[in-house]
Number of protein chains: 2
Amino acid sequence: MKAIIHVGLKPGVLDPQGRAISRSLNDLGFEEVAAARQGKVIELDLTGDDSTAAKARVTEMCEKLLANTVIESYRVEIED
Amino acid sequence: MKAIIHVGLKPGVLDPQGRAISRSLNDLGFEEVAAARQGKVIELDLTGDDSTAAKARVTEMCEKLLANTVIESYRVEIED
(Lines give C-alpha, C1' and ligand atoms only; values in the text may rest on other atoms or scores of the structure.)
Protein backbone atom coordinates (compact mmCIF):
# COMPACT_ATOMS: atom_id res chain seq x y z
CA MET A 1 0.00 0.00 0.00
CA LYS A 2 1.11 3.54 -0.66
CA ALA A 3 0.42 6.76 1.19
CA ILE A 4 0.89 10.13 -0.47
CA ILE A 5 1.09 13.11 1.86
CA HIS A 6 0.92 16.69 0.64
CA VAL A 7 2.31 19.26 3.07
CA GLY A 8 2.07 23.00 2.45
CA LEU A 9 2.13 26.26 4.33
CA LYS A 10 -1.19 27.39 5.79
CA PRO A 11 -2.73 30.40 4.05
CA GLY A 12 -1.44 33.65 5.51
CA VAL A 13 1.92 32.23 6.58
CA LEU A 14 4.82 34.21 5.14
CA ASP A 15 6.44 32.20 2.34
CA PRO A 16 9.99 33.45 1.63
CA GLN A 17 10.77 30.39 -0.51
CA GLY A 18 7.80 31.05 -2.78
CA ARG A 19 8.84 34.69 -3.07
CA ALA A 20 12.37 33.68 -4.02
CA ILE A 21 11.05 31.35 -6.74
CA SER A 22 8.71 33.93 -8.29
CA ARG A 23 11.37 36.68 -8.21
CA SER A 24 14.00 34.42 -9.73
CA LEU A 25 11.61 33.38 -12.50
CA ASN A 26 10.70 37.04 -13.16
CA ASP A 27 14.41 37.91 -13.31
CA LEU A 28 14.96 35.11 -15.84
CA GLY A 29 12.35 36.72 -18.12
CA PHE A 30 9.29 34.72 -17.07
CA GLU A 31 7.18 37.81 -16.37
CA GLU A 32 3.91 35.85 -16.47
CA VAL A 33 4.64 34.38 -13.02
CA ALA A 34 2.56 36.36 -10.50
CA ALA A 35 3.15 34.19 -7.44
CA ALA A 36 4.69 30.88 -6.40
CA ARG A 37 4.32 28.51 -3.47
CA GLN A 38 6.40 25.47 -2.67
CA GLY A 39 5.18 22.48 -0.75
CA LYS A 40 6.41 18.97 -0.22
CA VAL A 41 5.09 15.54 -1.07
CA ILE A 42 6.05 12.50 0.95
CA GLU A 43 5.38 9.05 -0.46
CA LEU A 44 5.39 6.11 1.93
CA ASP A 45 5.43 2.39 1.15
CA LEU A 46 3.38 0.68 3.83
CA THR A 47 2.96 -2.95 4.81
CA GLY A 48 -0.55 -4.18 5.67
CA ASP A 49 -3.77 -3.91 3.68
CA ASP A 50 -6.32 -2.09 5.83
CA SER A 51 -6.57 1.31 4.16
CA THR A 52 -8.81 2.87 6.85
CA ALA A 53 -6.34 1.92 9.58
CA ALA A 54 -3.46 3.08 7.39
CA LYS A 55 -5.03 6.50 6.95
CA ALA A 56 -5.38 6.92 10.72
CA ARG A 57 -1.76 5.83 11.28
CA VAL A 58 -0.42 8.15 8.56
CA THR A 59 -2.39 11.06 10.04
CA GLU A 60 -0.66 10.29 13.35
CA MET A 61 2.72 10.32 11.54
CA CYS A 62 1.90 13.75 10.13
CA GLU A 63 0.98 15.13 13.55
CA LYS A 64 4.09 13.66 15.18
CA LEU A 65 6.79 14.13 12.57
CA LEU A 66 5.97 14.95 8.99
CA ALA A 67 4.19 18.30 9.26
CA ASN A 68 4.73 21.30 11.48
CA THR A 69 1.06 21.84 12.24
CA VAL A 70 1.64 25.33 13.63
CA ILE A 71 2.35 26.64 10.13
CA GLU A 72 1.65 23.74 7.77
CA SER A 73 -1.44 21.88 6.68
CA TYR A 74 -1.40 18.36 5.22
CA ARG A 75 -3.55 16.04 3.17
CA VAL A 76 -3.29 12.23 3.16
CA GLU A 77 -4.16 9.94 0.24
CA ILE A 78 -4.01 6.16 0.49
CA GLU A 79 -3.48 4.11 -2.68
CA ASP A 80 -3.80 0.34 -2.88
CA MET B 1 -4.15 30.18 -14.69
CA LYS B 2 -2.29 27.83 -12.36
CA ALA B 3 0.64 25.52 -12.98
CA ILE B 4 1.43 22.65 -10.64
CA ILE B 5 4.89 21.16 -10.94
CA HIS B 6 5.88 17.92 -9.26
CA VAL B 7 9.63 17.44 -8.84
CA GLY B 8 11.14 14.22 -7.53
CA LEU B 9 14.37 12.29 -7.58
CA LYS B 10 14.90 10.02 -10.58
CA PRO B 11 14.70 6.30 -9.80
CA GLY B 12 18.07 4.95 -8.71
CA VAL B 13 19.29 8.24 -7.25
CA LEU B 14 20.36 7.86 -3.61
CA ASP B 15 17.71 9.48 -1.37
CA PRO B 16 19.15 10.25 2.10
CA GLN B 17 16.14 12.41 2.99
CA GLY B 18 13.72 9.56 2.29
CA ARG B 19 15.91 7.22 4.36
CA ALA B 20 15.89 9.68 7.26
CA ILE B 21 12.08 9.91 7.14
CA SER B 22 11.50 6.15 7.08
CA ARG B 23 14.04 5.50 9.87
CA SER B 24 12.59 8.25 12.05
CA LEU B 25 9.08 6.87 11.55
CA ASN B 26 10.29 3.35 12.38
CA ASP B 27 11.99 4.69 15.51
CA LEU B 28 8.73 6.37 16.55
CA GLY B 29 6.99 3.00 16.40
CA PHE B 30 5.54 3.17 12.89
CA GLU B 31 7.03 -0.17 11.83
CA GLU B 32 4.71 -0.51 8.85
CA VAL B 33 6.74 2.09 6.92
CA ALA B 34 8.97 0.18 4.51
CA ALA B 35 10.30 3.12 2.49
CA ALA B 36 9.80 6.85 2.03
CA ARG B 37 10.55 9.37 -0.68
CA GLN B 38 10.22 13.13 -0.50
CA GLY B 39 9.58 15.35 -3.48
CA LYS B 40 8.47 18.93 -3.93
CA VAL B 41 5.46 20.58 -5.48
CA ILE B 42 5.66 24.10 -6.86
CA GLU B 43 2.45 25.96 -7.58
CA LEU B 44 2.62 28.99 -9.88
CA ASP B 45 -0.01 31.65 -10.53
CA LEU B 46 0.33 32.67 -14.17
CA THR B 47 -1.10 35.56 -16.15
CA GLY B 48 -2.38 34.85 -19.68
CA ASP B 49 -4.90 32.26 -20.86
CA ASP B 50 -3.19 30.08 -23.47
CA SER B 51 -2.65 26.81 -21.64
CA THR B 52 -0.59 25.19 -24.42
CA ALA B 53 1.84 28.12 -24.45
CA ALA B 54 1.87 28.14 -20.65
CA LYS B 55 2.85 24.48 -20.53
CA ALA B 56 5.79 25.10 -22.86
CA ARG B 57 6.92 28.11 -20.80
CA VAL B 58 6.64 26.23 -17.50
CA THR B 59 8.64 23.34 -18.97
CA GLU B 60 11.34 25.89 -19.84
CA MET B 61 11.20 27.20 -16.22
CA CYS B 62 11.76 23.65 -14.96
CA GLU B 63 14.76 23.11 -17.23
CA LYS B 64 16.29 26.47 -16.31
CA LEU B 65 15.55 26.81 -12.60
CA LEU B 66 13.01 24.60 -10.88
CA ALA B 67 14.43 21.11 -11.34
CA ASN B 68 17.95 19.75 -11.33
CA THR B 69 17.49 17.54 -14.37
CA VAL B 70 20.67 15.57 -13.69
CA ILE B 71 19.03 13.87 -10.71
CA GLU B 72 15.39 15.03 -10.73
CA SER B 73 12.43 14.44 -12.98
CA TYR B 74 9.41 16.73 -13.17
CA ARG B 75 5.80 16.73 -14.32
CA VAL B 76 3.81 19.83 -15.26
CA GLU B 77 0.03 20.23 -14.92
CA ILE B 78 -1.82 23.33 -16.10
CA GLU B 79 -5.15 24.23 -14.48
CA ASP B 80 -7.50 26.91 -15.77
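The values are calculated or read from the model by the stated rules, or taken from the named source; none is laboratory data. Here the structure is a predicted model, which is why all the values come from computation and not from measurement. Here the Cβ is made from the backbone with ideal geometry for all residues, glycine too, and neighbour counts use every protein chain on show. Heads up: the accessible areas ignore ligands, DNA and RNA and are worked out on the full protein's heavy atoms, side chains in. Shrake-Rupley method; radii C 1.70, N 1.55, O 1.52, S 1.80 Å.
In table form, for the structure just shown:
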{"read-out": "Matching residues, segment A:19-43, being of a type in the set (D, E, K, R) and under 11 Å from the mean Cα position of the chain (by Cα)", "value": "A:Arg37, A:Lys40, A:Glu43"}
{"read-out": "Verdict on B:Ile71 being buried (at least 16 other Cβ atoms within 10 Å of the Cβ) and away from chain A (no Cβ under 11 Å)", "value": "no"}
{"read-out": "Candidate set: segment A:30-41, residues that are among the aliphatic types (A, V, I, L, M) and in contact with a Leu (Cβ under 6 Å, 6 or more places away or on another chain); chosen: the one surrounded by the fewest Cβ atoms within 10 Å (Cβ to Cβ)", "value": "A:Val33"}
{"read-out": "Count - residues of segment A:26-80 that are touching a helix residue (DSSP H, G or I) at 6+ places or on another chain (Cβ under 9 Å) and of a type in the set (S, T, N, Q)", "value": "2"}
{"read-out": "Contacts under 6 angstrom Cβ, first residue in segment B:53-70 being part of a loop (DSSP other than H, G, I, E, B), partner open to solvent by less than 50 Å² (accessible area, probe 1.4 Å), 6 or more apart", "value": "B:Ala67/B:Val7"}
{"read-out": "Pairs where the first residue, in segment A:24-40, is more than 7 Å from chain B (Cβ to nearest Cβ) and the second is surrounded by 17 or more Cβ atoms within 10 Å (Cβ to Cβ) and assigned to a helix (DSSP H, G or I), C-beta under 8 Å, 6+ apart", "value": "none"}
{"read-out": "Residue within segment B:22-29 that is touching a strand residue (DSSP E or B) at 6+ places or on another chain (Cβ under 9 Å), in a loop (DSSP other than H, G, I, E, B) and open to solvent by 50 Å² or more (accessible area, probe 1.4 Å) present", "value": "no"}
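Yes/no per residue for (1) part of a strand (DSSP E or B); (2) surrounded by 13 or more Cβ atoms within 10 Å (Cβ to Cβ); (3) at the interface with chain A (Cβ under 10 Å from one of its Cβ atoms); (4) on the phi > 0 side of the Ramachandran plot:
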site: B:Gly8; (1), (2), (3), (4): yes, yes, yes, no
site: B:Arg19; (1), (2), (3), (4): no, yes, no, no
site: B:Glu43; (1), (2), (3), (4): yes, yes, yes, no
site: B:Gly48; (1), (2), (3), (4): no, no, yes, yes
